[in-house]
1. Hey, in the GNM for the chain with a 10 angstrom Cα cutoff, which one of Ala348, Ala262, Ala277 fluctuates hardest?
2. At q = 0.13, 0.15, 0.17 Å⁻¹, what is the log10 ratio I(q)/I(0) for region 150-275, with the Debye formula run over Cα points and no solvent?
3. With springs only between Cα atoms under 10 Å, which of His358, His133, His269 fluctuates most in a Gaussian network model of the chain?
4. I need Lys51, Lys106, Lys234 ordered by Cβ neighbour count within 10 Å, fewest first.
5. Per-residue counts of other Cβ atoms within 10 Å, averaged by peptide: what ranking do you get for 86-95, 175-184, highest first?
6. Using only the alpha-carbon atoms, how far is helix 180-192 inclined from the longest principal axis of the chain? Give it as 0 to 90 degrees, nearest 10.
7. State the three equivalent ellipsoid semi-axes of the chain, derived from the C-alpha gyration tensor as the square roots of 5 times its eigenvalues, in descending order and whole Å.
8. For the chain, set up a GNM with springs between Cα atoms under 10 Å and report which of Pro22, Pro367, Pro99 has the largest fluctuation.
Amino acid sequence: MVSLADVEAARERLRGVIDATPVLPGARLSEDLGANVVVKAENTQRAGSFKLRGAYNKIAGLTTEQRRQGVVAASMGNHAQGVALAARMVGAPAIVVMPEEASLTKVTATRRYGAEVILHGQSFDDATAHARHLSEAEGYTLVHAFDDPDIIAGQGVVGLEILDALPDVGTIIVPIGGGGLIGGIASVVRARKPQARVIGVQAAGCPSVRAAFEAGKPVTLAHARTIADGIAVKRPGDLTLPLIQELVEDVVMVEEDEIADAIFYTLQHLRLLVEGAGAVGVAALLSGKVQPRGDEQVCVVLSGGNIDANLLSRVIDQSLARSGRYLVLRTSVPDRPGNLAQLALMAAQAGANVIDIHHRRSLWGVPLADTGLELVLEVRDEQHGQEVVAALTAAGYAINRVGGTEFVE
């Protein structure tokens with residue numbers, strides 16, 4: 001177990017090294033849910049996530065000889081950056097093993113902090129096995145991503161900061177990957193405010209804690225597939241799982257579309273950039289999988305903001321389509337000059353902005369004399385989208401709408 005004294009000692013070691021990240025009001029989230037919601041913005045931490053806390057607490061506590069020999073770690077990306085930065089701060093060489101499909105953004109950032117990056121395996125667990133091998137073969141100190149008391153204590157400082165800022169908090173919602181962050185936070189909450197709930201959130205594409213609960217012990221999932229790569233851990237820790245079982249009130253799962261929509265919602269309405277792992281708490285609230293109790297204060301931990309730009313672009317496009325802000329329409333027109341321009345003009349007159357148009361001559365059984373068209377239109381909201389469809393239909397076009405029909409303001 002990790003004691004409150006362990007976490008308080010970690011806070012002293014981290015003083016002046018990490019940022020005490022802000023607790024910010026989630027005004028729009030509170031309004032939409034009819035609740036009192038705030039967010040703990042760990043996405044604004046140095047290196048872009050909470051991971052520097054545990055990494056520095058571990059590495060700064062090593063002996064002079066251990067630092068000289070160097071450290072090795074495995075990570076999908078956030079722990080990699082935390083270890084690389086922490087090692088640079090104390091003057092220790094660092095090797096970080098990352099899966100071959102790790103985010104290029106996170107690989108580049110890790111190298112920028114001075115670590116040697118080795119790409120190995122298809123998953124975090126593959127990378128961890130190789131990091132252990134290097135530790136045993138070369139004498140490096142293994143800095144585990146979560147299953148280490150010093151790591152857990154360092155992450156637990158997030159819990160101290162939450163309780164200092166929010167003495168009346170009723171529920172704290174925390175992402176779960178391997179369990180270091182929630183284990184540290186829950187240890188602090190149990191010691192200082194046991195009446196508060198700690199609720200964990202995992203991606204449905206990697207439900208390792210649920211599998212462990214069912215088996216009664218940590219088990220390794222066969223697959224992990226989620227855009228929340230920061231929590232795509234197929235096996236919870238031997239140290240962290242008992243903490244979750246004993247101290248965490250509930251663990252819920254969120255789907256990929258819910259995570260994507262939460263990334264978009266947080267960016268648009270909270271003005272904060274988060275990655276998939278950082279968005280799962282918001283996803284749990286928006287989907288109703290976590291229900292605030294009355295007028296209690298709810299704190300959502302936004303664990304990181306290191307999202308790849310290409311993924312963010314796709315998330316935004318798909319979320320706009322699902323919410324009704326983007327209309328995807330299929331129709332056909334006679335294959336003669338001017339007909340495409342006339343359709344675009346009709347859409348513009350209805351107030352829609354044409355984002356993209358694709359010719360689809362060979363699809364949908366279009367007559368040989370016609371050409372199929374797929375249009376992506378930007379509209380104000382769902383009602384406006386319906387008005388655009390109605391206007392085009394009234395003008396004689398056979399419109400088939402593709403995708404979502406619900407709009408979220």
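Laboratory data are not the source of any read-out in this text; all were calculated from the coordinates shown. Note that the structure is a prediction, hence the values are computed from the model and not measured. Because the Cβ atoms are built from the backbone with ideal geometry, glycine has one as well, and the counts that use them run over all protein chains shown.
1. Ranking Ala348, Ala262, Ala277 by mean-square fluctuation puts Ala348 first.
2. So the normalised log intensities are -0.53, -0.71, -0.90.
3. Taking springs between Cα atoms under 10 Å, the residue moving most is His358.
4. Taking fewest neighbouring Cβ atoms as first place, the list is Lys234, Lys106, Lys51.
5. The peptides rank, most packed first, as 175-184, 86-95.
6. Once rounded, the angle reads 70 degrees.
7. Working from the Cα gyration tensor, I get semi-axes of 45, 25, 18 Å.
8. It is Pro367.
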